[in-house]
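Presented below is the structure to which this report refers.
The values are calculated or read from the model by the stated rules, or taken from the named source; none is laboratory data. Keep in mind that this is a model prediction, so the values were computed, not measured. Heads up, the Cβs are rebuilt from the backbone with ideal geometry, glycines too, and the neighbour counts pull from every protein chain shown.
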Amino acid sequence: MRIKLGAASAIENPKSAFQNPRHTRLCIRRGNSPQYAPDMKLKDFIVPQAVIADLDSSDRDGALRELVTSLAAAGAMPAQAVDDVVAALIKREQNGSTGFGKGVAVPHVKHLAVTKMAGTVGRSAGGIDFAALDHQPVYTVVLLLSPENQPQQHLQAMNIIFTNLQKDMFRRFLRQSATREAICELLDEADQGKA
């Protein structure tokens, strides 16, 4: 089977080219042969200093502002861009909630003011109404901000986030982690395949 991907490139076996039995990876085209991007880890984009173990906000927009402000305070994005990034995240949420259920939301946006991909985690003990698909409160928010010109890296990071959040144990331990250190330790364990 041949699939044309461009004027001069083709893949003989598309299934093996785009899937790895152990890991899902993005395929980057170079000439006529696919090359896999190196494995991305949570530590490659989560900013530990921006992790918030106990969000003050009890509403979605407030939580988004709190997390974006935390990333700016950690130096991961310009402080003067906080309002614009928050507005872009809120607009994204209005188009469709990023609360996918099971107590988790993954708000994300590609934005011109973001020069390097950055993410953070926020935990809410009381829960936040994110208009989640299962109509349940969100206790864990994983926020991802990416530059507009890096769509492949954004998708790869989203894949890493969702792969981990699909694990019941990971979600439960994340919800129970009451300190920044405990959350960061759990993220490290996930990167090592232990969580």
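Within the group A88, A74, which residue is of a type outside the set (V, I, T), in the same structural domain as E148 (by TED's automatic domain parsing) and under 23 Å from N159 (Cα atoms)?
Numbers: A74 fails: under 23 Å from N159 (Cα atoms).
None of the others qualify; the one that does is A88.
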query: Is it the case that some residue within the range 109-127 is surrounded by fewer than 19 Cβ atoms within 10 Å (Cβ to Cβ), in the same structural domain as T179 (by TED's automatic domain parsing), assigned to a loop (DSSP other than H, G, I, E, B) and of a type in the set (K, R)?
result: yes
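Using the structure shown, decide if L187 is crowded, with 17+ Cβ neighbours inside 10 Å, over 19 Å from T69 (Cα atoms) and not hydroxyl-bearing (S, T, Y). So that I can check it myself, show each step before the final result.
Working: crowded, with 17+ Cβ neighbours inside 10 Å: yes; over 19 Å from T69 (Cα atoms): yes; not hydroxyl-bearing (S, T, Y): yes.
Judged against the criteria, L187 is a match.
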Scanning the range 154-172 residue by residue, those within 20 Å of L71 (Cβ to Cβ) and crowded, with 18+ Cβ neighbours inside 10 Å turn out to be H154, Q156, A157, I160, I161, N164, L165
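Mind checking whether some residue in the range 14-28 is assigned to a helix (DSSP H, G or I), modelled with pLDDT of 95 or more, closer than 24 Å to L165 by Cα and of a type outside the set (A, V, I, L, M)? First the steps, then the outcome.
Applying the first criterion (assigned to a helix (DSSP H, G or I)) to the range 14-28 yields 14-18.
Okay, now just the ones that are also modelled with pLDDT of 95 or more, so none.
Scanning the range 14-28, I find no residue that is assigned to a helix (DSSP H, G or I), modelled with pLDDT of 95 or more, closer than 24 Å to L165 by Cα and of a type outside the set (A, V, I, L, M), so the answer is no.
For the range 173-184, how many residues are part of a helix (DSSP H, G or I) and loosely packed, with under 14 Cβ neighbours inside 10 Å? Step through it out loud before you land on a result.
Going through the range 173-184, the residues part of a helix (DSSP H, G or I) turn out to be 173-176, 180-184.
Now narrow it down to the ones that are loosely packed, with under 14 Cβ neighbours inside 10 Å: 176, 181.
Summing the residues that are part of a helix (DSSP H, G or I) and loosely packed, with under 14 Cβ neighbours inside 10 Å in the range 173-184 gives 2.
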Expected single match for hydrophobic (A, V, I, L, M, F, W, C), modelled with pLDDT of 95 or more and over 15 Å from the mean Cα position of the chain (by Cα) among A50, A37, A72 is A72
If you go through V121, V138, the only one that is at pLDDT 95 or above and over 15 Å from the mean Cα position of the chain (by Cα) is V138
